[in-house]
Structure formats: structure tokens, C-alpha cells
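The values are calculated or read from the model by the stated rules, or taken from the named source; none is laboratory data. Being a predicted model, the structure only gives us computed values, none of them experimental. Note: ideal-geometry Cβ built from the backbone for every residue, glycine included; neighbour counts use all protein chains shown. The accessibility values were calculated without ligands, DNA or RNA, using every heavy atom of the protein model including side chains. Shrake-Rupley method; radii C 1.70, N 1.55, O 1.52, S 1.80 Å.
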There are 2 protein chains.
Amino acid sequence: MDVVRLLAIRDTPLSVDEVMTAVADQAAGGTTVFVGTVRDHDHGKPVGALAYSAHPSAERELRRVAEKVAADFPVTALAAVHRIGELRLGDIAVIVAVAAAHRDEAFAASRRLIDDLKREVPIWKHQVFSDGTTEWVGAGE
Amino acid sequence: MDVVRLLAIRDTPLSVDEVMTAVADQAAGGTTVFVGTVRDHDHGKPVGALAYSAHPSAERELRRVAEKVAADFPVTALAAVHRIGELRLGDIAVIVAVAAAHRDEAFAASRRLIDDLKREVPIWKHQVFSDGTTEWVGAGE
């Protein structure tokens, strides 16, 4: 079975259960999941609303990043999903999960996966602060 | 609200949902979850059955480990649950989760939490291999 089990960029709510099910594997002893949620503050200012937009190449770049992690680490399964569109405080924006025989590999590969996704996949965040100011930022925090 | 949200050692199935709900916090931008499951092999041999046993001091030691992580890292919330008794292949044996404003802290604290839990909380694993041999090991992999 392919190591890359689930990749998606969607405008509907994300589910940790879906991602856990996608990477479930009896050869895995450890699964590390990172869940990125919409914080109530950024740069010390309260955040009121937020939207993510993806460039048309984002799905292709997500696959490239995921396949590189699958090739570079001895892992059993991985998954990465990103939400786009309008999100509310506390909503899940991104989930990555990696299953491996041991936790060293699961932690290292999931960290690489979220870091590369945030740096290399063209998804941008538009934040509206409670004071009415706005900003566009790369998906990286 | 206390940073340490949920700690348990139980003989019933564990739930990732329960742990995610326990650490949910609108001040958090990132949550890292580690899920340890029963692998179908160890030391290259197929595993047939497995049980975990806890020393009576295990709950107290789990609290000590969790409170040290909460004190040492700037995190918003954390949780740790361990299952004991008989488990089957694929069953969840342990879950730790840490929520923080940023992912650096979430990854570092969750790694410390699972490492210290495995090293310092007296929970042992009894493995029965498919060839009939058995072994007792510390909960550390």
C-alpha cells in the first residue's frame, strides 16, 4: 500500500478521525498528528475572522512535499489535509499525520511534513483583526 | 484553567477524540498528538498478544511528569492517557497531546511528555510472540 494515504485541500471542515483512519496500520507503533487551529490572537492582537486561499498549483505542491517526506523517512503511512475558505476561531485549518514503527521517525517526519507544507505549498491566510485591520500572510505561522 | 487537563490510566479503550477535546483551547494555534498502538512485530518477531500492568504509584508518577512538562514549556494545555490490561493488535496503548500557541512548543513538549512517560511512569508490557515466547519490558519501546 502506498505510504501517502490521504492528501486534500478542501473548503469543508476537517476531521482528525478521518486522518487517523487514513494512516492506521498494524505495522505502526506510533502515530504523530499535528492539528493547526485558528488562534484567537496573532502578533498580540485579537483575531476576528480568517480565510485561507490556495493557488491552483497547491494540490500538486502538497503531493510533491508529501512524497518527499515519504521517501526521506522510514515511515508506514502519512496524510495531510488543509482547509480553505472562511474559518472561525478554533476551527481546524490543517492536519498532518505520520505513522511509523517507532516514535522517533513519526515525530521527525511529521515535523518535516508540516514545516515543508507551510513553507512550500502556496496557501495564504487573510486575517481580519478585531480592530478592523487586515493582513495577508503565507500559511507559515 | 489548569494546563494539565486530563491524566488517566485505565483498562478500557482510549479515544483520540476525548484527548483532543480535553486540550482544545482558542489560545492554541497548534496541537500535537502522539498515539502509541500495538504493533504486529517487535525485535523482528510477530506479536500475538500483549498486556500492560501499572504499579500503584503510576498515576502519581504520571502527574509528576505532566506537571514538569507544563512548567518547563510555554504550552496552553496537555493530556496523557495510558491503557492497561489486555490489548489486541492495532489497539491504542497511550495518547499524549499538547496544545500551544505555536507548533515549535507543541512538538517539543509532546516529545518530552511521551519520552518521560515511557521512561519514568512504572507501566510494563508483557508480550506474547506468535512463536509462544514471552517477555516483560518497560513501557519504553
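If the condition is being farther than 9 Å from residue B:3 by Cα and not aliphatic (A, V, I, L, M), then region B:64-80 contributes B:64, B:68, B:72, B:73, B:74. For region B:20-34, indicate whether the set of residues that are of a type outside the set (Gly, Ala, Ser) and more than 30 Å from residue A:44 (Cα to Cα) is non-empty. For region B:20-34, residues of a type outside the set (Gly, Ala, Ser) and more than 30 Å from residue A:44 (Cα to Cα): absent.
For region B:107-118, a residue qualifies if it is of a type outside the set (Lys, Arg) and surrounded by fewer than 21 Cβ atoms within 10 Å (Cβ to Cβ), and the qualifying residues are B:108, B:115, B:116.
For region A:22-48, taking the residues that are touching an Asp or Glu at 6+ places or on another chain (Cβ under 7 Å) and among the aliphatic types (A, V, I, L, M), the one that is nearest to residue A:2 (Cα to Cα) is identified as A:27.
The set of residues in region B:9-40 that are touching a helix residue (DSSP H, G or I) at 6+ places or on another chain (Cβ under 8 Å) and under 20 Å from residue A:30 (Cα atoms) comprises B:9, B:16, B:17, B:20, B:30, B:31, B:32, B:33, B:34, B:35, B:36.
Exactly one residue out of B:72, B:104, B:91, B:40 is within 21 Å of residue A:105 (Cα to Cα), modelled with pLDDT of 95 or more and surrounded by fewer than 21 Cβ atoms within 10 Å (Cβ to Cβ): that is B:104. Within region B:11-62, the residues that satisfy the criterion of being more than 30 Å from residue A:91 (Cβ to Cβ), in contact with a Gly (Cβ under 9 Å, 6 or more places away or on another chain) and charged (D, E, K, R) are B:11, B:39, B:40, B:42. Would you mind stating whether residue A:2 is farther than 17 Å from residue A:88 by Cβ, in contact with a strand residue (DSSP E or B) (Cβ under 8 Å, 6 or more places away or on another chain) and part of a loop (DSSP other than H, G, I, E, B)? When the stated conditions are applied, residue A:2 does not pass them. Note on region B:10-118: enclosed strands (runs of 3 or more DSSP E) holding 3 or more residues that are in contact (Cβ under 8 Å) with a residue 40 or more places away in the chain and either more than 19 Å from residue A:98 (Cα to Cα) or within 10 Å of chain A (Cβ to nearest Cβ) (or both) are B:30-37, B:45-54, B:77-83, B:92-100. Taking region B:119-141 as the range and being open to solvent by 10 Å² or more (accessible area, probe 1.4 Å), within 14 Å of chain A (Cβ to nearest Cβ) and outside any strand (DSSP E or B) as the test, the residues that pass are B:119, B:130, B:140, B:141.
Tell me, please, whether a residue that is charged (D, E, K, R), in contact with a helix residue (DSSP H, G or I) (Cβ under 6 Å, 6 or more places away or on another chain) and more than 22 Å from residue A:17 (Cα to Cα) can be found in region A:129-141. No, the conditions are met nowhere in region A:129-141.
Hey, any hits in region B:59-81 for a residue that's among the small types (Gly, Ala, Ser) and over 23 Å from residue A:16 (Cβ atoms)? Within region B:59-81 (the criterion being among the small types (Gly, Ala, Ser) and over 23 Å from residue A:16 (Cβ atoms)), the answer is yes, since at least one residue qualifies. What residue, among those in region A:13-36 that are surrounded by 23 or more Cβ atoms within 10 Å (Cβ to Cβ) and among the hydroxyl-bearing types (Ser, Thr, Tyr), is nearest to residue B:104 (Cα to Cα)? The extreme case among them is A:32.
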